[in-house]
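Step one of this worksheet: look at the structure below.
No value in this document is a laboratory result; all are computed from the given coordinates. Please read these numbers as outputs of a predicted model, since none were measured by experiment. Using ideal geometry, Cβ is built from the backbone for each residue, glycine included, and neighbour counts are taken over all protein chains shown.
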Amino acid sequence: MTSSEHGLSIIRTVTLGLMLAGSCQVSGGWDEAVAAERTGDYATAFREYQQLADSGEIEALHNLGVMYYNGYGVYRDYEKAMKCFLTAAEQGIAGSQNNVGYLYAHGHGVRQDYVMAHMWFDIADANGEKTAIENRAIIAAHMTSAEIAEAVKLAREWLEKNPR
């Protein structure tokens, strides 16, 4: 092996090591966040989820929304929960879509709006979130047929613009 081949071999090894170390940090962040959450160390879980969300992990943003909604590791803040859930919902996270519907249904962090709640439950259902079916039925019992029709129309339009 020539000295330049040896040098390239070292560069490849170092590059591979750095790539693996970077991927371990992301995995470790999830592992640490989940472990901390399970043991009730919500401050650590929140910090880890925040770092993951900042790096573009949309599911971590959903988990931050749960923490804000419940006040785990942070002060309860429905508006911040809504912001997290809405961003994740717009990226296709069905659980967040369901939670946005729930927040609209109860007026947590936003003005109560059954049409918007029904719309988000429709979207969540279309994306496989089973609890959205029951949530939608509960909300529909408080709505007029015109409101339901509007919600269905809005959901259909949203789904057409945001195919998954």
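Counted by neighbouring Cβ atoms within 10 Å, the residues M82, M143 run from fewest to most as M143, M82. Seen from V74, the other residues with C-beta closer than 11 Å to its C-beta sum to a net charge of +2, counting Lys and Arg as +1 and Asp and Glu as -1. Candidate cross-link partners of K153 among the aspartates and glutamates, defined by an alpha-carbon separation under 15 Å and a same-chain spacing of 8 or more, comprise D122, D125. Annotation for H142 and K83: the two label points, set 7 Å from Cα along the Cα-Cβ direction, are 2.6 nm apart. The slack between E160 and V74, meaning 0.36 nm per residue of separation minus the straight C-alpha distance, is 27.3 nm.
Describe numerically, in nm with one decimal, the distance between label points set 7 Å from Cα along Cα→Cβ at Q91 and at K153. Going by the 7 Å Cα→Cβ label model, 3.2 nm. Among residues other than T87 with Cβ under 14 Å from its Cβ, the summed charge is -3 (Lys and Arg +1, Asp and Glu -1). Per-residue 3J(HN,Hα) values for the stretch 112-122, derived from phi via the Karplus relation 6.51 cos²θ - 1.76 cosθ + 1.60 with θ = phi - 60°, read 4, 8, 5, 5, 5, 4, 4, 4, 5, 5, 4 Hz in sequence order (x marks Gly and Pro). When the label point is put 7 Å from the Cα of A126 along its Cα-to-beta-carbon vector, which residues of the stretch 67-91 have a backbone N closer than 18 Å? Residues 86-91 qualify, since their backbone N sits under 18 Å from the label point.
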